[in-house]
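K.L.:
So that we are looking at the same thing, I have put the structure below in structure tokens.
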Amino acid sequence: MPDNASREIAEPLLDWYDANARALPWRAPPGTPAPDPYRVWLSEVMLQQTQVATVIPYFEKFTTRWPDFASLAAVEDGELMSAWAGLGYYARARNLLAAARAVAVEHGGQLPGTEAELRKLPGFGAYTAAAVAAIAFGERAVVVDGNVERVIARLFAVADPLPGAKPRIRELADSVTPDERAGDFAQAMMDLGATICTPRSPKCLLCPLAKRCDARADGRPDAYPVKARKKARPTRYGTMFWVERNGAVLLVRRPARGLLGGMRALPTGPWADSPPGVEGAPFAAGWALHNATVSHGFTHFELVSALASVTIDGQAGAIEGEWWPIAELDSAGLPTVFARAAETMRRMR
DNA sequence: GATCCGTGGCC
DNA sequence: TGGCCAAGGAT
């Protein structure tokens, strides 16, 4: 790292961090020994595309139930998915469990300590491998997340739009990453991005790097980073099926991959460009198609789902799935869209 | 490189 | 209201 980059960026940023670091459950205080790699890893996975305030209660729940790699590796798939319910991006939970088991089997129960080895584990991309290597193991790794991209783009007034500018931003991040305290430096950059160098209305008057910031000098810090416009989300339509029998409702397990993969769910028909009615129902019956719908925004489409219901008396026959007591649906581990649909049905019936 | 993959909060 | 955003990864 060039001397001027250290003097103008790393040193004042680390000084700021020493005085202003957020106290977070997975974080050791600045200057103290590195925190538990298990807790660092778990927090980093939960924090992918998810804000700190959302993560904290999940992190507390997970670390209470499963305090280390061995206990997590022993969990059954369904139990882990239920615990993750509501946090979103469920592939993270599937990869988390796969990585825990790989660590138990192939690494003697300890997370490998280098960025290159971490990168091979499920769920460890460029960001997470660098973050865990730097924060938990003290490796000099270049950690680039959305916060770092924004801070760097402003410090150097990077005019090229994302995502094309990612390689350039990583080069610049590399050039300002110190050889010592790379983990604290990464967390300082992310704290700065989350609290000072925010996407809208950055608080430049409080910023320890304002003197050195090219975007600040231009007078338009919020113009960076430049981003390509996103496509509009299409609306898709579907139907969820509520099958009631003896005070219980039929739940199914969704396929292991894809949307809400591996999660417990209400039976659904296909998503379509227009309301499909009771097409794709789990079995032929006298379905009542209700007027109420449930709308839910996913990452790349907006779902508007109708609700259809039927009550079965006597034997369930060959119906596949679990009969879950309606009074205990809160403990079923349903993703938010199904939890809301279930709540709507519970009130309507 | 483009697409898929959740959810909640903000203005 | 609706688009944008958040400690990204897999394919």
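The values are calculated or read from the model by the stated rules, or taken from the named source; none is laboratory data. Keep in mind the model is a prediction, meaning the values are calculated, not measured. In this analysis, Cβ positions are derived from the backbone assuming ideal geometry, glycine residues included, and neighbour counts consider all displayed protein chains. With ligands, DNA and RNA removed, areas are computed over all heavy atoms of the protein, side chains included. Shrake-Rupley method; radii C 1.70, N 1.55, O 1.52, S 1.80 Å.
K.L.:
For the condition within 23 Å of the chain's Cα centre (by Cα) and either surrounded by 14 or more Cβ atoms within 10 Å (Cβ to Cβ) or under 30 Å from A:Ala153 (Cα atoms) (or both), what is the one hit in A:Ala223, A:Ala272, A:Ala232?
P.N.:
Answer to the check: A:Ala232.
Okay, residues lined up against (1) touching a residue at least 12 places away in the same chain (Cβ under 8 Å); (2) under 26 Å from A:Leu329 (Cα atoms); (3) in contact with a Ser or Thr (Cβ under 7 Å, 6 or more places away or on another chain):
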site	(1), (2), (3)
A:Glu44	yes, no, yes
A:Phe59	yes, yes, yes
A:Arg65	yes, yes, no
A:Val75	yes, yes, no
A:Ala83	yes, yes, no
A:Leu96	yes, yes, no
A:Glu106	no, no, no
A:Pro122	yes, no, no
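K.L.:
Would you be able to say whether some residue in the stretch A:277-288 is crowded, with 17+ Cβ neighbours inside 10 Å and not in a loop (DSSP other than H, G, I, E, B)?
P.N.:
Among the residues of the stretch A:277-288, not one is crowded, with 17+ Cβ neighbours inside 10 Å and not in a loop (DSSP other than H, G, I, E, B), which makes the answer no.
K.L.:
Determine whether A:Tyr90 is within 21 Å of the chain's Cα centre (by Cα), in the same structural domain as A:Val55 (by TED's automatic domain parsing), more than 8 Å from DNA strand C (Cβ to nearest atom) and not aliphatic (A, V, I, L, M).
P.N.:
It is true that A:Tyr90 is within 21 Å of the chain's Cα centre (by Cα), in the same structural domain as A:Val55 (by TED's automatic domain parsing), more than 8 Å from DNA strand C (Cβ to nearest atom) and not aliphatic (A, V, I, L, M).
K.L.:
If the requirement is being open to solvent by less than 50 Å² (accessible area, probe 1.4 Å) and within 27 Å of A:Pro29 (Cα to Cα), which of these qualifies: A:Leu192, A:Leu205?
P.N.:
A:Leu192
K.L.:
If you don't mind, there's one more thing I want to ask. Somewhere in the stretch A:309-323, is a residue under 30 Å from A:Thr50 (Cα atoms) and either of a type outside the set (A, V, I, L, M) or more than 24 Å from the chain's Cα centre (by Cα) (or both)?
P.N.:
no
K.L.:
If you take the residues in the stretch A:28-63 that are open to solvent by 40 Å² or more (accessible area, probe 1.4 Å) and within 15 Å of A:Asp184 (Cα to Cα), which one is modelled with the highest pLDDT?
P.N.:
Top of the filtered list is A:Asp36.
K.L.:
Would the stretch A:271-290 turn up any residue that is in contact with an Asp or Glu (Cβ under 9 Å, 6 or more places away or on another chain) and either outside the structural domain of A:Ser331 (by TED's automatic domain parsing) or farther than 21 Å from A:Ala332 by Cα (or both)?
P.N.:
Checked the stretch A:271-290: at least one residue is in contact with an Asp or Glu (Cβ under 9 Å, 6 or more places away or on another chain) and either outside the structural domain of A:Ser331 (by TED's automatic domain parsing) or farther than 21 Å from A:Ala332 by Cα (or both).
K.L.:
Which one is nearest to A:Trp323 (Cα to Cα), of the residues in the stretch A:235-258 that are within 13 Å of DNA strand B (Cβ to nearest atom) and open to solvent by 20 Å² or more (accessible area, probe 1.4 Å)?
P.N.:
A:Arg254
K.L.:
Which one of the conditions (1) over 24 Å from A:Arg233 (Cα atoms); (2) touching a His at 6+ places or on another chain (Cβ under 8 Å); (3) open to solvent by less than 50 Å² (accessible area, probe 1.4 Å) does A:Leu307 fail to meet, given that it meets all the rest?
P.N.:
Of (1) over 24 Å from A:Arg233 (Cα atoms); (2) touching a His at 6+ places or on another chain (Cβ under 8 Å); (3) open to solvent by less than 50 Å² (accessible area, probe 1.4 Å), only one is false for A:Leu307: (1).
K.L.:
Which condition number in (1) within 15 Å of DNA strand B (Cβ to nearest atom); (2) in a loop (DSSP other than H, G, I, E, B); (3) open to solvent by 20 Å² or more (accessible area, probe 1.4 Å); (4) within 25 Å of A:Ala306 (Cβ to Cβ) is the one that A:Gly261 fails?
P.N.:
Answer for A:Gly261: the failing condition is (3).
K.L.:
To continue, here is another question. Pairs only if they're at least six apart or on different chains, beta carbon under 6 angstrom, first in the stretch A:332-349 and touching a residue at least 24 places away in the same chain (Cβ under 8 Å) and more than 16 Å from DNA strand C (Cβ to nearest atom), second open to solvent by 10 Å² or more (accessible area, probe 1.4 Å) and among the polar types (S, T, N, Q); list them, first residue then second.
P.N.:
Matching pairs, first to second residue: A:Gly333/A:Ser82.
K.L.:
Here's another thing I want to ask about it. Among the listed residues A:Tyr89, A:Tyr38, identify the single one that is among the aromatic types (Phe, Trp, Tyr) and under 23 Å from A:Thr336 (Cβ atoms).
P.N.:
A:Tyr89
K.L.:
Would you mind telling me which numbered condition in (1) touching a helix residue (DSSP H, G or I) at 6+ places or on another chain (Cβ under 6 Å); (2) within 26 Å of A:Leu118 (Cα to Cα); (3) in a loop (DSSP other than H, G, I, E, B) A:Glu180 fails?
P.N.:
Failing condition for A:Glu180: (1).
Residues are listed down the side, and each one gets a yes or a no for (1) away from DNA strand C (no atom under 16 Å from the Cβ); (2) under 23 Å from A:Met81 (Cβ atoms); (3) in contact with a helix residue (DSSP H, G or I) (Cβ under 7 Å, 6 or more places away or on another chain):
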| residue | (1), (2), (3) |
| --- | --- |
| A:Pro255 | no, yes, no |
| A:Gly269 | yes, yes, no |
| A:Thr311 | yes, no, no |
| A:Asp330 | yes, yes, no |
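Conditions tested, residue by residue: (1) assigned to a loop (DSSP other than H, G, I, E, B); (2) open to solvent by 10 Å² or more (accessible area, probe 1.4 Å); (3) touching a Leu at 6+ places or on another chain (Cβ under 6 Å).
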| residue | (1), (2), (3) |
| --- | --- |
| A:Ala104 | no, yes, no |
| A:Gly108 | yes, yes, no |
| A:Gly113 | yes, yes, no |
| A:Ala116 | no, yes, no |
| A:Tyr127 | no, yes, no |
| A:Val132 | no, no, yes |
| A:Ile135 | no, yes, no |
| A:Arg140 | yes, yes, no |
| A:Glu149 | no, yes, no |
